[in-house]
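A quick write-up on the structure given underneath.
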Amino acid sequence: MPNPVCILEKRMKTILFWALGISALVFSPMAAVAESREYNLTISRQEVLITGQPLNKITLNGTIPGPVLRFKEGDDAVIHVTNTLDEESSIHWHGLILPGNMDGSPGFNGFKAIKPGQTFTYRFPIRQAGTYWYHSHTIHQEQDGLYAGLVIEPATLDPVKAERDYVVLLSDFSKEDAADILSNLKMSSDYYQTHRRTVGDLFRDMKEKWPGKAVKDAGAWGKMRMLPTDISDVKGYHFLVNGLANDQNWTGLFKPGERVRLRFINASAMTIFDIRIPGLKMTVVAADGQPVEPVEVDEFRFGNAETYDVIVTPLDDKAYTIAAESIDREGFAIGTLAPRDGMKGEIPAGRPRAHLTMADMNMEVMMRDDPDMDMSDMETESGWARTFAPEGTKVLSYDDLRYLTEQPDTRAPTRDITVRLGGNMERYIWTMNGTVFDPMKGINIAYNERVRISYVNETMMAHPIHLHGMFTQVENGQDAGKMPNKHTIIVRPGQTVSVILTANEPGEWPIHCHLLYHMATGMMAKVIVAQPGEAIALPASDAPAMDHSGHDMSRMGAESAPTTSVPVDTEDHSQHGAAALAEPATKPAPKKEPANTQPAQQGGHHDHH
């Protein structure tokens, strides 16, 4: 049996290593003179041969994905983007903190898209480190190929030590044009749903449950006009790793015993993945580009637009398979870690496709639609959350994530803002707070106001929600100083997730579902952060924040009560990025000393559905 003293000693040494590394990262002064790093990007439409047959798609500098752009924290980015399409285009810098007019979202902050034949120059300072990505924010161009990775080295020594460093960008490539996919979904929301329950499924349920319960559940699904097999909206994808199909075998080389950093980016339009590397543990060291305390896992669920950095240490002279299995179990994106080119690891067997359960329904919506519904024997286990991983497998949870150092702003939120995620499947329309996107409406927040945003999912699909321009802290049961930063967060079917926002970036910021066709059909809104000193008017539905101490708000909703005013705070309480952890201007709640310390980044080679 391992000696507990030795284990504790080893753990303390690990914590000290991270603490010394991040101290150098956070407290060393950045270079006095910023370096300008310049790129030229050309957006084109051309034939590609990714699937073996020529298809007309959108490329960046002639490739899908486009080139990985690399910067160093403190650089001035200068990126010239030329649009050779016969339609408008744009590039959004996903997860970057930058001026609103450089965010790349047409119709926000005065940005008007890049006209055909024109060149637009993005100029902005690099204020953070980490793994991010960039993609079009115009119509459906992201699905057709306009996306790529972005890596930012920290200004000082990177405490994440690795001999190898690879971007692993996942995407879902379709032979169909994105416009045709959307047209099919609008024609019938079940267009791609070939996995439907049969009479055989009913008989199987009757054996596993008592017959009356099975019949009752089948009737409930029919009444709600929903399919329990409807885990994702689109199928027929080819899943790619860095633009390569499985038979093309993207390979990252290593020497046995080396630490390998894998920068996972989910650039898919509509696909959530489960990630595993059979035979290797993964140590998660960053989420959405932001450093977290190291967490050792066997696998993780990977939402659209999220990024995770992991460290693996292959010890054997053999090939290991990077297996990214789509949540609907339609296939894998496969990559390889190997000591030599040409090697392949064993591809794991596909896992069963999960079925949604009554636990994936929003109880409030169900009772509103049918007040007399009998919930006495309601299922309590989410079908969506089932991965079918072997017993004992450690699957990453948001609850595991702890910010690496100490959050600079730990003030309690002044009020709650509720964002309800809804939809009408018969019309394939997706909504926020009961309406499709309306550019004339917005969620008003005062500059530096600290608010809680509660995402209430009233549908039976997961929604990866992305807020532009700022990070939010996930209320995952950690102390305020250790809540992790996220720019994109999966809101599970029927559940509520809450985050805390320090609104210190003035401007108009999109907030939307990152399932492309959900955003395209309405699931988007506008967050408006006032200029410093500017007062805002609040709607009567906004509420003073409640005391949620001691509660895990990742599983709870927030109540509301009327209020008519909000304090205007002109002090900057939060600078995002690992190298900007200054003391807040107003005194926060008492802080703990930082625990484990860790990395920034280093570059390297129904009606309700």
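The values are calculated or read from the model by the stated rules, or taken from the named source; none is laboratory data. Keep in mind that what you see is a predicted model, and the values were worked out from it rather than measured. Because the Cβ atoms are built from the backbone with ideal geometry, glycine has one as well, and the counts that use them run over all protein chains shown. SASA here: full protein model, heavy atoms, side chains in, ligands and nucleic acids out. Shrake-Rupley method; radii C 1.70, N 1.55, O 1.52, S 1.80 Å.
All other residues whose Cβ lies under 11 angstrom from that of Lys115 are scored, Lys and Arg at +1 and Asp and Glu at -1, for a net of -2. With 0.36 nm allotted per residue and the present C-alpha distance subtracted, the Lys161-Lys186 stretch has 4.2 nm of extension available.
Which FRET efficiency, nearest 0.05, do Ser36 and Thr84 yield, Cβ-Cβ r, R0 30 Å?
Plugging the Cβ-Cβ distance into 1/(1 + (r/R0)^6) gives 0.75.
If you take every DSSP beta bridge fully contained in segment 36-156, what fraction is antiparallel? Give it as a percent rounded to 5. Rounded to the nearest five, the antiparallel share is 65 percent. Relative contact order of segment 36-156: 31 percent, from C-alpha pairs under 8 Å at least 6 residues apart in sequence.
Our summary gives segment 403-529 a relative contact order of 33 percent, counting only alpha carbon pairs under 8 angstrom and 6 or more residues apart.
For segment 36-156, the dipole from Cβ point charges (+1 on Lys and Arg, -1 on Asp and Glu) about the Cα centre works out to 120 debye, to the nearest 20.
Each of His94, Gln143, Tyr122 was placed along the dipole of segment 36-156 (beta-carbon charges, centred on the mean Cα), and the one lying farthest toward the positive end is Tyr122. Here the convex hull built on the C-alpha positions of segment 403-529 has a volume of 96 cubic angstrom per residue. By DSSP, the beta bridges lying fully in segment 403-529 are antiparallel in about 75 percent of cases. Would you mind counting up the charge near Ser105? Only other residues with Cβ under 14 Å from its Cβ, with Lys and Arg at +1 and Asp and Glu at -1. Computed value for this residue: -3. Applied to segment 251-266, the Karplus parametrisation 6.51 cos²θ - 1.76 cosθ + 1.60 on θ = phi - 60° returns per-residue 3J(HN,Hα) values of 10, x, 7, 8, 9, x, x, 6, 8, 10, 9, 10, 9, 7, 10, 9 Hz, with x for Gly and Pro.
For segment 403-529, the Cβ-based charge dipole about the Cα centre amounts to some 120 debye (Lys, Arg positive; Asp, Glu negative; other atoms uncharged).
Applying the Kirkwood pairwise sum to the alpha-carbon positions of segment 36-156 produces a hydrodynamic radius of 14.6 angstrom. The overall shape of segment 393-440 is oblate: from the C-alpha gyration tensor, with semi-axes ordered a ≥ b ≥ c, the ratio a/c is 1.5 or greater and a/b is no larger than b/c.
Considering only the other residues whose Cβ falls under 13 Å of the Cβ of Arg263, what net charge follows from Lys and Arg at +1 and Asp and Glu at -1? Mind showing how you got there, number by number?
Numbers: positive: Arg70, Arg164, Arg261; negative: Glu153, Asp158, Asp165, Asp288, Glu306, Asp309.
Summing Lys and Arg as +1 and Asp and Glu as -1 gives -3.
Ordering Ser268, Leu240, Trp250 by the projection of their Cα atoms onto the charge dipole of segment 230-309, which places +1 on the Cβ of Lys and Arg and -1 on the Cβ of Asp and Glu, puts Trp250 at the extreme positive end. The modelled label-to-label distance between Leu244 and Ser397, using points 7 Å beyond Cα along the C-beta direction, is 3.6 nm.
The solvent-accessible area of Lys175, taken with every protein chain present and a 1.4 Å probe, is close to 100 Å².
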